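What follows is a single structure, written as structure tokens, with notes after it.
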Amino acid sequence: MQSNATLRAISKLSVTAAVDETYRLVKAQQRAGKRVGLVPTMGALHAGHLSLVERCRRECDYTVVSIFVNPKQFAPHEDFSKYPRSLEDDLAKLAPLGVDMVFAPTVEDMYPAGFDSYVDAGNLAVPWEGEFRPGHFRGVLTVVLKLFQIVPADLAYFGRKDYQQSLLVRRMVADLNLPMKIVVCPIVRDSDGLALSSRNVFLIAEQRRQALSLSRGLQLAHQRFGDGERSGVKLRELIRQTIAGEPGVEIEYAAVVDPETLVELPRIEKTAVALVAARVGSTRLIDNELLGKDE
Ligand code: AMP
């Protein structure tokens, strides 16, 4: 049950699935001199998403949140059908933050019959997530470009939680001359270190405990880097061993890479990013940590 105040806030929120109307409303705001920000999400909102919304609210005059579980970024064997969906709860979380508009289209709104054009993600999409989720970034960039067309915001907010995604979006914006500024925001974690994710709801208590090995491994690598370790190989192995020490967690990849090229670094000259992906039961989790680099 939502409180009366929340219900009142939700009733003031403009929620739409209409592509043309959304575009017109956003353009009208801009003509009136407002700075428009967009926060693209797949819903099942948690404090990580809300941190992007709050930042957008601080930096923009008009905040649009999109909620769309994009089928094109899930491979056939992945969890599209069981991905958590909770529009009512999401609206109740967004309304008190002063969000101006929620764009929540259906699959048919975004991909009407005959849809057949995609963004061809380049070399940055090949390793890491790209290896374990073939076609994923083609789907991501396609939906992000469509969202940018429908909501032609001045700024768009993404989380560093999906490091490779944020890099690919920045790349696409530069390569395709999109008139939008991309803001990448820090990872929000639970108090025990677990990076917040919509998929965490699938973890039973024992798995949630096991999942902490990802953030623990990254944190150890961060400390070791702070102590002066510059061998990317040693830091990678430290992360690997920390995660492998937890039965029930199956690593997909652990790597210490260049922040811009995503190429593995045997030695870290200046900065790096440690990336991990693992399965805990049937739940796939990703996390990362910056080494020698600010947000
Ligand atoms: P999603 O709904 O998972 O597609 O995520 C929508 C946006 O929220 C993406 O830009 C994510 O990187 C971001 N995000 C997801 N989890 C977190 C988190 N724990 N901290 C910060 N941003 C996040």
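How long is the gain from LEU97 to PHE80 if the chain were fully straight, where each residue apart is worth 0.36 nm and the alpha carbon distance is subtracted? Show your work: numbers first, answer last.
On the way: separation 17, 0.36 × 17 = 6.12 nm, distance 2.81 nm.
Between LEU97 and PHE80, full extension yields an extra 3.3 nm.
Compute a Gaussian network model of the chain, connecting alpha carbons closer than 10 Å, and tell me which residue from ARG31, ARG85, ARG236 fluctuates the most.
Maximum among the listed residues: ARG31.
Report in % the part of the accessible area of region 205-261 that belongs to carbon and sulfur, leaving out ligands and nucleic acids; probe 1.4 Å. The partial results should precede the final answer.
Details: 1300 of 2720 Å².
Roughly 48 percent of what the probe reaches on region 205-261 is carbon or sulfur.
Which shape class, rounded, prolate or oblate, goes with region 118-249 when its Cα gyration tensor gives a ≥ b ≥ c as root eigenvalues, a/c under 1.5 marks rounded, and past that a/b bigger than b/c marks prolate? Write down the numbers at each step before the final one.
Details: a/c = 2.03, a/b = 1.74, b/c = 1.17.
Prolate, because a/c is 1.5 or more and a/b exceeds b/c.
Any idea of the accessible area per residue across region 170-295, 1.4 Å probe, to the nearest Å²?
Value for region 170-295: 49 Å² per residue.
Summing +1 for each Lys or Arg and -1 for each Asp or Glu, what net charge is found among the other residues whose Cβ lies under 15 Å from the Cβ of ASP258? Numbers along the way, then the final one.
Details: positive: ARG170, ARG171, ARG230, ARG236, ARG267, LYS270, LYS293; negative: GLU260, GLU264, GLU269, GLU289.
Once all neighbours under 15 Å are counted, the net charge is +3.
Assign one of three labels to the chain, namely rounded, prolate or oblate, based on the Cα gyration tensor with a ≥ b ≥ c the square roots of its eigenvalues; rounded applies when a/c is under 1.5, prolate when it is not and a/b is larger than b/c, and oblate otherwise. Mind dumping the intermediate values first?
Numbers: a/c = 1.73, a/b = 1.53, b/c = 1.13.
Prolate is the answer for the chain, as a/c is 1.5 or above and a/b outweighs b/c.
Sort region 199-290 into rounded, prolate or oblate with this rule: let a ≥ b ≥ c be the square roots of the eigenvalues of the Cα gyration tensor; rounded if a/c is under 1.5, and if a/c is not under 1.5, prolate when a/b is larger than b/c, oblate otherwise. Could you put the intermediate results ahead of the total?
Details: a/c = 2.46, a/b = 1.94, b/c = 1.27.
Prolate is the answer for region 199-290, as a/c is 1.5 or above and a/b outweighs b/c.
Could you check which residue among LEU176, LEU147, LEU168 shows the biggest mean-square fluctuation in a GNM of the chain with a 10 Å Cα cutoff?
Maximum among the listed residues: LEU176.
Taking the Cα centre of each part, how many Å lie between region 134-195 and region 54-133?
Centre-to-centre distance over Cα atoms comes out at 10 Å.
Which lysines, on any chain, are close to LYS27 with Cα under 24 Å apart, when same-chain ones fewer than 8 places away are left out?
LYS12, LYS146, LYS181
Under a point-charge model restricted to the Cβ atoms of Lys and Arg (+1) and Asp and Glu (-1), what is the dipole moment magnitude of the chain relative to its Cα centre, in debye to the nearest 20? Please list the in-between numbers first.
Details: 37 positive and 37 negative charges, 108 e Å.
Value, rounded to 20: 520 debye.
Just add up the charged neighbours of GLY228: K/R +1, D/E -1, any other residue whose Cβ is under 15 Å from the Cβ of GLY228. The partial results should precede the final answer.
Working: positive: ARG224, ARG230, LYS234, ARG267, LYS270; negative: ASP227, GLU229, GLU269.
Charge balance in the 15 Å sphere: +2.
I want to check the label-to-label distance for ASP116 and ALA5. Put each point 7 Å from Cα in the C-beta direction and report it in nm to one decimal.
Modelled inter-label distance: 5.4 nm.
In debye to the nearest 20, how big a dipole does region 222-268 give about its Cα centre with +1 on each Lys and Arg Cβ and -1 on each Asp and Glu Cβ?
Its charge dipole is roughly 220 debye.
The values are calculated or read from the model by the stated rules, or taken from the named source; none is laboratory data. Remember, predicted model here, so these are calculated numbers, not experimental data. Quick reminder, even Gly has a Cβ in these numbers, built from the backbone with ideal geometry, and neighbours come from all protein chains shown. Surface accessibility is based on the protein's heavy atoms, side chains included, excluding ligands, DNA and RNA. Shrake-Rupley method; radii C 1.70, N 1.55, O 1.52, S 1.80 Å.
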